[in-house]
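Chemist: Would you mind keeping the following structure in view while I ask a few things?
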Amino acid sequence: MKKYLVALLCCVAMAATVAYAQSADEGYQTATVVSIEKVAVSAQHPENGDQYKIFMRMAGTVYGCRASAPAAVFIDWSPGKEYPAQLNGKLLLVKGPGGQVELNIFKKTPK
């Protein structure tokens, strides 16, 4: 009987740990990459060589975004991939494999 009680308490403790870990991402929703493309480098502005145009779908809305980051940040991003994301005014904060990325929203299309 004691073994059963100990096993039950362990299961309850693990369930509480999982619930606590999931609450850490509170406010984040799943966003899906619709498309991602590297913006062509302009001869007049070569400093903008790390610009990307990304469209993300979240909660029935497609967000057109721009981002500036090294290519390594977006190396695993492809259409259909899902990441946790949160709206913050004109920014879409996305937790990608390389850390959190700020995407500047320039277009919002309800779908």
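Chemist: Which residues, taken from segment 63-82, are part of a strand (DSSP E or B), buried (at least 17 other Cβ atoms within 10 Å of the Cβ) and not aromatic (Phe, Trp, Tyr)?
Modeler: Those that are part of a strand (DSSP E or B), buried (at least 17 other Cβ atoms within 10 Å of the Cβ) and not aromatic (Phe, Trp, Tyr): Gly64, Cys65, Ala67.
For (1) at pLDDT 75 or above; (2) open to solvent by less than 70 Å² (accessible area, probe 1.4 Å); (3) closer than 28 Å to Gln86 by Cβ, each residue gets a yes or a no:
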| residue | (1), (2), (3) |
| --- | --- |
| Lys3 | no, no, no |
| Ala7 | no, yes, no |
| Cys11 | no, no, no |
| Tyr20 | no, no, yes |
| Asp50 | yes, yes, yes |
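Chemist: Among the candidates Leu87, Leu103, single out the residue that is part of a strand (DSSP E or B), open to solvent by 20 Å² or more (accessible area, probe 1.4 Å) and either at pLDDT 95 or above or over 17 Å from Ser35 (Cβ atoms) (or both).
Modeler: Numbers: Leu103 fails: open to solvent by 20 Å² or more (accessible area, probe 1.4 Å).
Criteria check complete, one pass: Leu87.
The values are calculated or read from the model by the stated rules, or taken from the named source; none is laboratory data. What you see is a predicted model; the values in this text were computed from it and never measured. Note that each Cβ is placed from the backbone with ideal geometry, even for glycine, and that neighbours are counted across all protein chains shown. These accessible areas exclude ligands, DNA and RNA; they are computed on the full protein's heavy atoms, side chains included. Shrake-Rupley method; radii C 1.70, N 1.55, O 1.52, S 1.80 Å.
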